[in-house]
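Participant: Before we start, here is the structure in question, set down as structure tokens.
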């Protein structure tokens, strides 16, 4: 006969599989997950939140659950991930992809610096606009647009978090900003400024993603 431990593990796997089946091709609230799986609302919600932490599910704008990055990535994310990884490896600093949702920006991807001291935020993190270099761009702040026109990038020096800086460049599609690439770092490692040190690299990374997206369309 199977052990109690094996039975418990199998039951947990069955519940996880049921939740994944319930959101295949769609999204669902905790109560909808409970209806589709036959689990209680509290159990569905608890398991779904744990699955979000491990990337099996993700939360959408309305708070519902859908398949996470372990199963699906958008064309933008697919194009951005290798570019961000190369940007991190070249600069040594944290590289991120941000998009706008309402009055907030959301971190879609983050490839963290390998330094012990680093600037980092988890994927899915939300920040109010226009804080930070990416926030200024996504909010289309007047001063940021002028800086972008003049340099091709926008920087922030301790404006959102003291001791941290960043430089961002827009990812464009049909001349519209659809996302930003952000390189974030402790100011203690900056020689001149985030933009002067890394602006060109960030701008080139954004252009590479634009080119990859154009080819995929």
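The numbers here are math on the coordinates, done by the rules we state, and not lab data. Remember, it's a predicted structure, so these values are computed and weren't measured experimentally. Neighbour counts are summed over all protein chains in view; Cβ atoms, including those assigned to glycine, are modelled from backbone coordinates with ideal geometry.
Participant: Kindly express, to the nearest 10 degrees and within the range 0 to 90, the angle between helix 194-216's C-alpha long axis and the longest C-alpha principal axis of the chain.
Facilitator: The angle comes out at about 60 degrees.
Participant: Also: State, to one decimal in nm, how far the label point of residue 15 lies from the label point of residue 157, with both points 7 Å from Cα in the Cβ direction.
Facilitator: Inter-label distance under the simple model: 5.3 nm.
Participant: Below 8 Å between Cα atoms, with a sequence gap of 6+, how large is the relative contact order for the chain in percent?
Facilitator: 14
Participant: Which length gain, in nm to one decimal place, applies between residue 175 and residue 200 when the Cα-Cα distance is subtracted from 0.36 nm times their residue separation?
Facilitator: Length difference between fully extended and current span is 7.0 nm.
Participant: Now a separate question. Please label the shape of the chain as rounded, prolate or oblate, based on the square roots a ≥ b ≥ c of the eigenvalues of the alpha-carbon gyration tensor (a/c under 1.5 means rounded; beyond that, a/b larger than b/c means prolate, else oblate).
Facilitator: Numbers: a/c = 2.39, a/b = 2.04, b/c = 1.17.
It comes out prolate by the Cα gyration axes.
Participant: Sort the following peptides by mean Cβ neighbour count (other Cβ atoms within 10 Å, averaged over residues), highest first: 46-58, 8-20.
Facilitator: Order by mean packing, descending: 46-58, 8-20.
Participant: Can I ask one more? Roughly how tilted is helix 4-22, in degrees to the nearest 10 and between 0 and 90, from the longest Cα axis of the chain?
Facilitator: Once rounded, one gets 60 degrees.
Participant: Continuing with the same structure: When the Cα centres of segment 1-80 and segment 108-168 are compared, how far apart do they sit, in Å?
Facilitator: About 31 Å separates the Cα centre of segment 1-80 from the one of segment 108-168.
Participant: With each pseudo-label sitting 7 Å past Cα toward Cβ, what's the residue 112-residue 125 distance in nm, one decimal?
Facilitator: Going by the 7 Å Cα→Cβ label model, 1.0 nm.
Participant: Enter the angle in degrees (range 0 to 90, nearest 10) between the Cα long axis of helix 142-151 and the first principal axis of the Cα atoms of the chain, meaning the one along which they spread out most.
Facilitator: Value to nearest ten degrees: 70.
Participant: For the chain, what is the mean residue ellipticity at 222 nm derived from helices alone (per DSSP H run of n ≥ 4: -39500 (n - 2.57); sum divided by total residues; nearest 500 deg cm²/dmol)?
Facilitator: Working: 7 runs with 97 residues, N = 217.
Mean residue ellipticity, 222 nm, calculated: -14500 deg cm²/dmol.
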